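This report refers to the structure that appears directly beneath it.
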Amino acid sequence: MKVVILAGGFGTRLSEETEIRPKPMVEIGRQPILWHIMKNYAAYGYKEFIIALGYKAEIIKDYFLKYYYLRNIFSIRLSNGNVDVHEGEREDWLVHLIDTGFETQTGGRIKRLASWIGNETFMMTYGDGVANINIQDLVAFHRRHGKLATVTAVRPPARFGGLSFEGNLVAKFVEKPQIGEGWINGGFFVLEPKVIDYIEGDETPWEREPLERLAEDGQLVAYCHDGFWQCMDTLRDVRLLNSLWESGKAPWKVW
């Protein structure tokens with residue numbers, strides 16, 4: 001099953017980083033968040049990726065063009081440029097890097113990938129969020145329900161610490177608890193190719209008309225994930241994810 005990752009947006013809310021690189025290339029522990037997302041899927045056996053490019057596409061292309069050599073030991077003969085690769089880490093991934101337009105909306109990017117997706121079930125997520133979702137369980141959930149689309153629903157962490165009281169005394173303090181109500185779109189979709197028919201064109205955000213119409217048609221189910229999930233929208237989020245990685249206990253690291 002192929003994994004589509006949307007990696008073409010401007011990332012305007014993280015302008016401190018995205019002025020010089022696309023959001024999926026912002027690093028957590030010296031590797032782009034895009035790499036972390038792909039490592040999670042690969043840990044469950046899903047190793048063919050379609051990366052939908054747009055803003056600063058050349059930076060993502062350059063990363064993967066150099067990836068094999070930079071993660072291995074190699075010798076280069078300067079007289080003719082021949083390179084011999086010896087040993088190192090080698091990811092068994094197939095990565096398709098597809099330009100889907102500079103200003104194309106999320107739905108439009110998916111529609112532009114139709115010929116790459118083909119007629120098979122596929123997965124899709126955004127290039128700016130990590131989670132400890134069991135991907136095999138997610139796919140099994142999708143298969144059981146037999147609908148066109150499955151979205152992973154998550155409870156995002158609250159921005160501030162939570163307090164509970166006994167009279168005037170603070171009985172409990174929880175730093176950044178999960179919010180107690182409401183679920184949001186956490187990405188990590190499993191989709192049937194017919195969902196592409198719900199997308200009108202380049203200007204269609206996936207999160208608006210397509211998902212709304214799928215819900216109205218009874219073709220959208222939610223896989224509720226109560227575990228770790230974190231998007232990377234702000235510099236504060238970048239610092240949080242890096243601190244978790246540096247602690248050696250990054251919750252999303254399932255490989």
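Remark: Arg30 falls outside the filter, which requires a residue to be surrounded by fewer than 18 Cβ atoms within 10 Å (Cβ to Cβ), touching a residue at least 24 places away in the same chain (Cβ under 8 Å) and not aliphatic (A, V, I, L, M). Test Val170 against the stated conditions and say whether it is in contact with a Ser or Thr (Cβ under 8 Å, 6 or more places away or on another chain) and either at pLDDT below 95 or not hydrophobic (A, V, I, L, M, F, W, C) (or both). Yes: the conditions hold for Val170. Restricted to the range 1-118, the set of strands (runs of 3 or more DSSP E) holding at least 1 residues that are small (Gly, Ala, Ser) and within 17 Å of the chain's Cα centre (by Cα) comprises 2-7, 48-53.
Could you list all residues from the range 190-240 that are assigned to a loop (DSSP other than H, G, I, E, B), closer than 30 Å to Arg21 by Cβ and polar (S, T, N, Q)?
Hits for the range 190-240 are Thr204, Thr234.
Of the candidates Gly101, Gly81, Gly118, Gly45, the single residue that is on the phi > 0 side of the Ramachandran plot and at pLDDT below 95 is Gly81.
The values are calculated or read from the model by the stated rules, or taken from the named source; none is laboratory data. Bear in mind that the values here come from a model prediction, so they are computed numbers and not experimental data. We place every Cβ from the backbone using ideal geometry, glycine too, and count neighbours over all the protein chains shown.
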